[in-house]
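The values are calculated or read from the model by the stated rules, or taken from the named source; none is laboratory data. All values derive from a computational prediction rather than experimental measurement. So basically every Cβ, Gly included, is an ideal-geometry build from the backbone, and we count neighbours across all protein chains shown. Side chains included, ligands, DNA and RNA excluded: accessible areas come from the protein's heavy atoms. Shrake-Rupley method; radii C 1.70, N 1.55, O 1.52, S 1.80 Å.
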Amino acid sequence: MMNRKLLVALLASPLMLHAIAAHAALRVFACEPEWGALTQELGGNLVEVSVATNALQDPHQIQAKPSLIARARNADLVVCTGAELEVGWLPVLLQQSGNAKVQSGQPGNFAAADYVRKLDVPSRLDRSQGDVHAAGNPHIQTDPRNITLVATALGARLQQVDPAHASDYAKAQADFVQRWQQAIARWTTQAAPLKGAAVVSQHKAFVYLYDWLGLKEVAVLEPKPGVEPTASHLQEVLSTLKGTPARMVLYSAYQDPRASEWLGKNAAIPAVKVPFTVGGTDGAKDLFGLFDDTLARILAAAGAKQ
Ligand SMILES: [Zn+2]
């Protein structure tokens with residue numbers, strides 16, 4: 001048996017301290033559940049992921065609470081959407097954290113939207129009338145091809161901030177991307193009957209999903225992104241549908257469904273709740289489940305054979 005004196009000496013030695021430090025997990029603060037899930041896929045037990053929001057919260061409207069600031073203070077890496085989705089809360093949260101590593105422009109600050117082609121980018125910045133998508137549409141996670149691009153960039157970033165485990169991250173990334181590409185092929189085949197279908201959205205949350213599947217957005221219930229539907233705007237959408245019928249209206253799990261339900265009832269089309277992120281529905285337990293369940297719900301509403 002090791003005597004106590006020796007144990008104390010060993011624990012205090014630089015070698016042992018180094019060994020302990022090398023085994024400490026990389027602390028990751030993820031803004032939204034999809035990026036928490038992706039970081040977990042790529043980091044496994046090398047990362048300790050803390051997710052700031054859940055799927056039933058509106059990611060545009062989060063409070064920079066002291067408990068969130070405390071979590072950002074200890075983070076080695078912050079993984080968020082960017083494209084101004086978190087503009088109302090993340091800058092103040094990072095500033096208050098006093099954590100130099102995770103400030104914008106540092107290796108410890110990762111913005112997923114920087115790595116994909118953004119849609120709905122306005123020709124000029126305009127925040128008038130409460131538009132929350134002034135820098136282009138931030139809801140990039142609704143297209144699985146974007147997840148591939150972000151996985152590649154995030155894998156490289158994990159290697160950069162935790163070089164001691166670079167080969168582990170590279171391996172996990174290659175494994176994930178291979179499984180993900182197979183899943184995309186399966187989803188694309190499943191969703192083929194939806195091509196060209198006209199749909200209505202409650203919030204402009206699905207432009208990337210529609211771009212992937214070839215769905216046509218003919219109306220949006222919010223008069224501007226982030227502005228609650230008004231009775232007069234809903235009437236306008238209803239009359240639009242008389243000339244341009246739609247197959248369904250989609251809303252995200254975090255949203256109040258009443259506007260979609262009203263339109264569904266009055267236009268006699270299904271109102272479809274989709275998970276929008278990991279955890280939004282029981283079926284969306286991880287990133288794979290997110291797309292399995294999203295497609296199952298849309299296909300069921302379209303009356304397509306699965
Ligand atoms: Zn939005």
request  = Could you list, in sequence order, all residues of region 271-295 that are of a type outside the set (Ser, Thr, Tyr), part of a loop (DSSP other than H, G, I, E, B) and closer than 22 Å to ALA259 by Cα?
outcome  = PRO275, PHE276, GLY280
Qualifying residues in region 149-178 (those that are open to solvent by 60 Å² or more (accessible area, probe 1.4 Å) and touching a Phe, Trp or Tyr at 6+ places or on another chain (Cβ under 8 Å)) - the one nearest to GLU228 (Cα to Cα) = LEU149
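So for region 234-250 (the condition being within 30 Å of LEU42 (Cα to Cα), surrounded by fewer than 13 Cβ atoms within 10 Å (Cβ to Cβ) and away from the ligand (no atom under 16 Å from the Cβ)), does at least one residue qualify? I'd like the intermediate steps shown before the answer.
Let us first name the residues in region 234-250 that are within 30 Å of LEU42 (Cα to Cα), namely none.
Taking every residue of region 234-250 in turn, none turns out to be within 30 Å of LEU42 (Cα to Cα), surrounded by fewer than 13 Cβ atoms within 10 Å (Cβ to Cβ) and away from the ligand (no atom under 16 Å from the Cβ).
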ask   = Given the structure, is ARG117 under 21 Å from ASP131 (Cβ atoms), at pLDDT 95 or above, open to solvent by 10 Å² or more (accessible area, probe 1.4 Å) and away from the ligand (no atom under 16 Å from the Cβ)?
value = yes
inquiry  = Only one of GLN96, GLN141 is away from the ligand (no atom under 16 Å from the Cβ), of a type in the set (S, T, N, Q) and either open to solvent by less than 30 Å² (accessible area, probe 1.4 Å) or outside any loop (DSSP other than H, G, I, E, B) (or both). Can you tell me which?
reply    = GLN96
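Is it the case, given these coordinates, that ARG186 is in contact with a strand residue (DSSP E or B) (Cβ under 8 Å, 6 or more places away or on another chain), away from the ligand (no atom under 16 Å from the Cβ) and part of a helix (DSSP H, G or I)?
Numbers: in contact with a strand residue (DSSP E or B) (Cβ under 8 Å, 6 or more places away or on another chain): no; away from the ligand (no atom under 16 Å from the Cβ): yes; part of a helix (DSSP H, G or I): yes.
Judged against the criteria, ARG186 is not a match.
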query = Is it the case that region 144-164 has a residue that's within 16 Å of the ligand (Cβ to nearest atom) and in a helix (DSSP H, G or I)?
reply = yes
task = Give me the pairs, please: first residue somewhere in region 213-228 and outside any loop (DSSP other than H, G, I, E, B), second residue anywhere and within 11 Å of the ligand (Cβ to nearest atom), beta-carbon distance under 6 Å, and either six or more positions apart or on two chains.
result = GLU217/SER201; VAL220/SER201; VAL220/LYS204
ask   = Here is a list of conditions, (1) in contact with a helix residue (DSSP H, G or I) (Cβ under 6 Å, 6 or more places away or on another chain); (2) farther than 30 Å from ASP131 by Cβ, and GLN40 meets all of them except one; can you say which number that is?
value = (1)
inquiry  = I want to confirm something. Restricting to region 296-306 and keeping residues that are in contact (Cβ under 8 Å) with a residue 60 or more places away in the chain, part of a helix (DSSP H, G or I) and not β-branched (Val, Ile, Thr), which single residue is farthest from GLN141 (Cα to Cα)?
reply    = ALA302
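Suppose we filter region 190-209 for residues that are within 14 Å of the ligand (Cβ to nearest atom) and more than 16 Å from HIS133 (Cα to Cα); how many remain? First the steps, then the outcome.
Residues of region 190-209 that are within 14 Å of the ligand (Cβ to nearest atom), as a first pass: 201-209.
Subsequent filtering for residues that are more than 16 Å from HIS133 (Cα to Cα) retains 209.
Qualifying residue count for the region: 1.
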query = Just checking, how many residues over region 29-51 are under 14 Å from ALA111 (Cβ atoms) and not in a helix (DSSP H, G or I)?
reply = 4
